[in-house]
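> A single structure is presented below for examination.
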Amino acid sequence: MKRLILTLVIMLSAVVAASAQNVVIGEKLPETRFRKWLMDLQPEAADYTCMIFYHSESPLCRQCLRRVKNMVSKYGTKLNVIIVTKEDYDTAGVTLTEHLGDRMAVAFDDGGRAFRYFGVKFIPFCVISDRKRRAVWCGNGITLTEKITDRIITGE
């Protein structure tokens, strides 16, 4: 009986771990297509793209967004940001319009398809990919520091 319970616990743990994260560093991310963009603005192409999975009521999301916005201005054309939200256009548009720019855009994930694909279990979840859409970093957006971003962008 103990073996059966232990086997079930191990199997359940493996299933939870396997579904917890769908991003593997170094592997290519799928093409993500969003039907709606805030004010129809999409970011210009850049060497690296940072996707932030966001909700406007989260103070951690707002803190992460301020930090990443400062990084965008520092790296110029090397980094762009896509803020991905499941909120409706009217709700998110009010709080996120101020962040729009050539390098920052807001994508609406109708139906939560991108959230599901990336296995987002917490926010702010962040994924940085290179020009070839290979994942180079992922994790909690609060832990993304300028030092980490420098290493990614400069390759040092």
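The values are calculated or read from the model by the stated rules, or taken from the named source; none is laboratory data. Predicted, not measured: the structure shown is a model, and the values here were computed from it. For neighbour counting, all protein chains shown are included, and Cβ atoms are generated from backbone atoms with ideal geometry for every residue, glycine included. SASA here: full protein model, heavy atoms, side chains in, ligands and nucleic acids out. Shrake-Rupley method; radii C 1.70, N 1.55, O 1.52, S 1.80 Å.
> For region 26-41: of the residues being open to solvent by 60 Å² or more (accessible area, probe 1.4 Å) and hydrophobic (A, V, I, L, M, F, W, C), which is nearest to the chain's Cα centre (by Cα)?
L41
> What residue, of T91, T95, is of a type in the set (V, I, T) and under 19 Å from R67 (Cβ atoms)?
T95
> What are the residues in region 107-156 that are of a type in the set (D, E) and either touching a Cys at 6+ places or on another chain (Cβ under 9 Å) or within 19 Å of S56 (Cβ to Cβ) (or both), if any?
Once the filter is applied, which keeps residues that are of a type in the set (D, E) and either touching a Cys at 6+ places or on another chain (Cβ under 9 Å) or within 19 Å of S56 (Cβ to Cβ) (or both), region 107-156 yields D109, D110.
> Quick one: which of D110, D130 is acidic (D, E) and open to solvent by 50 Å² or more (accessible area, probe 1.4 Å)?
Every option except D110 fails the conditions.
> Still on this structure, I have one more. T91 is checked against (1) in a helix (DSSP H, G or I); (2) open to solvent by less than 20 Å² (accessible area, probe 1.4 Å) and fails just one. What number does that condition carry?
(2)
> Which residues, counting only those in region 35-72, are touching a residue at least 12 places away in the same chain (Cβ under 8 Å) and either small (G, A, S) or part of a loop (DSSP other than H, G, I, E, B) (or both)?
Answer for region 35-72, where residues must be touching a residue at least 12 places away in the same chain (Cβ under 8 Å) and either small (G, A, S) or part of a loop (DSSP other than H, G, I, E, B) (or both): R35, L41, Q42, P43, E44, A45, A46, D47, H55, S56, S58.
> Could you count how many residues in region 133-149 are within 12 Å of E27 (Cα to Cα), of a type in the set (V, I, T) and either open to solvent by less than 10 Å² (accessible area, probe 1.4 Å) or part of a helix (DSSP H, G or I) (or both)?
Qualifying residue count, region 133-149: 0.
> Could you list, in sequence order, all residues of region 96-107 that are touching a helix residue (DSSP H, G or I) at 6+ places or on another chain (Cβ under 8 Å) and either of a type outside the set (A, V, I, L, M) or surrounded by fewer than 18 Cβ atoms within 10 Å (Cβ to Cβ) (or both)?
Within region 96-107, T97, H99, L100, G101, R103 qualify.
> OK, next. Looking at region 42-83, which of its residues are modelled with pLDDT of 90 or more, open to solvent by 20 Å² or more (accessible area, probe 1.4 Å), in contact with an Asp or Glu (Cβ under 9 Å, 6 or more places away or on another chain) and farther than 14 Å from T95 by Cα?
D47, Y48, T49, K78
> I'm trying to understand the selection: among the residues of region 113-127, which are open to solvent by 30 Å² or more (accessible area, probe 1.4 Å) and hydrophobic (A, V, I, L, M, F, W, C)?
Residues satisfying the conditions are F122, I123.
> Then there's this: Which number in (1) at pLDDT 90 or above; (2) of a type outside the set (A, V, I, L, M); (3) not in a strand (DSSP E or B) marks the one condition that G119 misses?
(1)
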